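Enquirer: Can you keep this structure in mind? I'll have questions shortly.
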Amino acid sequence: MRDVLEITNLHYRPATAERPVLRGINLKAGAGIPIVISGASGSGKTSLIDVISGLAKPNKGSFYWNNKTINNRQRRWLSGVVFQFPERHFLGLTVGQELRLGHRRLTNESQTKVLSKVGLHDVKLKQAPETLSGGQQRRLALAVQLLKNPKILLLDEPTAGLDWSVRDEIIEFIAALAKQQVLIVVTHEPELFEGLMNSSFELSDGQLHQMSTLN
Ligand SMILES: Nc1ncnc2c1ncn2[C@@H]1O[C@H](COP(=O)(O)OP(=O)(O)O)[C@@H](O)[C@H]1O
Ligand SMILES: [Mg+2]
């Protein structure tokens, strides 16, 4: 049976925000069917990722994983998040170090394996992350999350700031990833994901509006 995440009647007001940003979000996301959520800047896309991943606590709403209720802690455990501009938060001096943060006993073999999973076959473990191209840095950030084996993968603006050639590469790669887990992408450039994503929604006025379903 494929994994399914379901969200019902989610409301969220960030601690210092004047009014709720999310006001009655309902969403069902199954593994293998990638979800794209678009929305203007400030519409609450990043807030939604924060809440789904258990990093922020909702004011109201329920989450179900395969029909069982899950709490914040369980969502943190299930989720891998690639934040916007992840390369700004690299801490390792080398690619290998970056992969080992939080996975201290990771063998060289596992490191090489996860790198090839994200298409970084030619990258050396001793290489400095800054020497990678923009697209390669995004892939490295994804590799770090994949090591966690997340059942739910959340990507915040994965194409932001990349040039066109690299964007295509990242999008193809995202499509391949979606086959294995629940995948939710938030973006302000939904046209880039056209044809690739089966279900797309727009976030506006704190709610999700379905744009298309091809499945
Ligand atoms: N921690 C916070 N404190 C106060 N306001 C916040 C906080 N996080 C988000 N907001 C507000 O919530 C709204 C949605 O923000 P965000 O989720 O970052 O939108 P998006 O990612 O779509 O640009 C914005 O108006 C933003 O100013
Ligand atoms: Mg954002």
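Enquirer: Filter 57/151; 45/124; 151/179 down to the pairs with a C-alpha to C-alpha distance above 23 Å, please.
Expert: Listed pairs above 23 Å: 45/124.
Enquirer: Using just the Cα positions, wrap the chain in a convex hull and report its mean projected area in square nanometres, one decimal place.
Expert: So the mean shadow area of the Cα hull is 12.0 nm².
Enquirer: Please compute the contact order of the range 38-98 in relative form: average sequence separation of alpha-carbon pairs under 8 Å and at least six residues apart, divided by the residue count, as a percent.
Expert: With pairs under 8 Å counted, the relative contact order is 25 percent.
Enquirer: Using a Förster distance of 35 Å, how high is the FRET efficiency between residue 108 and residue 1, based on the Cβ-Cβ distance and rounded to 0.05?
Expert: 0.50
Enquirer: Another question, if that's okay. Just to confirm the number: angle between the C-alpha axis of helix 108-117 and the first principal axis of the chain, 0 to 90 degrees, nearest 10?
Expert: So the inclination is approximately 60 degrees.
Enquirer: Return a whole-number percent for the relative contact order of the range 70-146, with Cα pairs under 8 Å and 6 or more residues apart as the contact set.
Expert: Worked out over the range 70-146, it gives 40 percent.
Enquirer: Looking only at 91, 155, 142, which one moves most when the chain is put into a Gaussian network model with springs between Cα atoms under 10 Å?
Expert: Result for the chain, Cα springs under 10 Å: 91 fluctuates most.
Enquirer: Here is a follow-up. Compare 107, 69, 16 in a GNM of the chain, Cα atoms joined below 10 Å, and give the one with the largest fluctuation.
Expert: Of 107, 69, 16, the Gaussian network model singles out 16 as fluctuating most.
Enquirer: Okay, next question. When a footprinting reagent is the concern and you count Cβ atoms within 10 Å, what order do 25, 70 take, fewest first?
Expert: Final ranking by Cβ density, sparse to dense: 70, 25.
Enquirer: At R0 = 30 Å, how high is the FRET efficiency between residue 101 and residue 175 if r is their beta carbon distance? Nearest 0.05 is fine.
Expert: Calculated value: 0.65.
Enquirer: Additional query: Give the relative contact order (percent, whole number) for the range 1-136; include only Cα pairs under 8 Å separated by 6+ residues.
Expert: After rounding, I find 20 percent.
Enquirer: Still on this structure: Pull up the DSSP beta bridges for the chain and report the antiparallel fraction as a percent, rounded to 5.
Expert: 55 percent
Enquirer: Determine which aspartates and glutamates satisfy two conditions relative to residue 68: a Cα distance under 16 Å, and not lying fewer than 8 residues away in the same chain.
Expert: Result set, ordered by chain and number: 3, 6.
Enquirer: When the Karplus curve 6.51 cos²θ - 1.76 cosθ + 1.60 is applied with θ = phi - 60°, which whole-Hz ³J(HN,Hα) does each residue of the range 177-194 get, with x for Gly and Pro?
Expert: 4, 5, 5, 9, 8, 5, 10, 10, 10, 10, 7, 9, 10, x, 4, 5, 9, 4
Enquirer: Quick check on the range 26-117: take the gyration tensor over C-alpha atoms, sort the square-rooted eigenvalues as a ≥ b ≥ c, and tell me if it's rounded (a/c under 1.5), prolate or oblate.
Expert: Prolate, since a/c reaches 1.5 and a/b exceeds b/c.
Enquirer: I'd like the orientation of helix 134-146 relative to the chain: the angle between its Cα long axis and the longest Cα principal axis, in ° from 0 to 90, rounded to 10.
Expert: Computed tilt is about 70 degrees.
Enquirer: Now a separate question. When the chain is modelled as a GNM with alpha-carbon springs shorter than 10 Å, which of 153, 93, 132 fluctuates the most?
Expert: Residue with maximal mean-square fluctuation among 153, 93, 132: 93.
Enquirer: Taking amide H atoms as placed 1.01 Å from N in the peptide plane, list the residues 5 or more away in sequence, or in a different chain, whose amide H sits under 5 Å from that of residue 70.
Expert: Those lying under 5 Å, H to H, from residue 70 are 63, 64, 65.
Values in this text are rule-based calculations from the coordinates and carry no lab data. Since we're looking at a predicted model, the values are computed, not measured. Neighbour counts run over all protein chains shown; Cβ positions are idealised from the backbone, glycine included.
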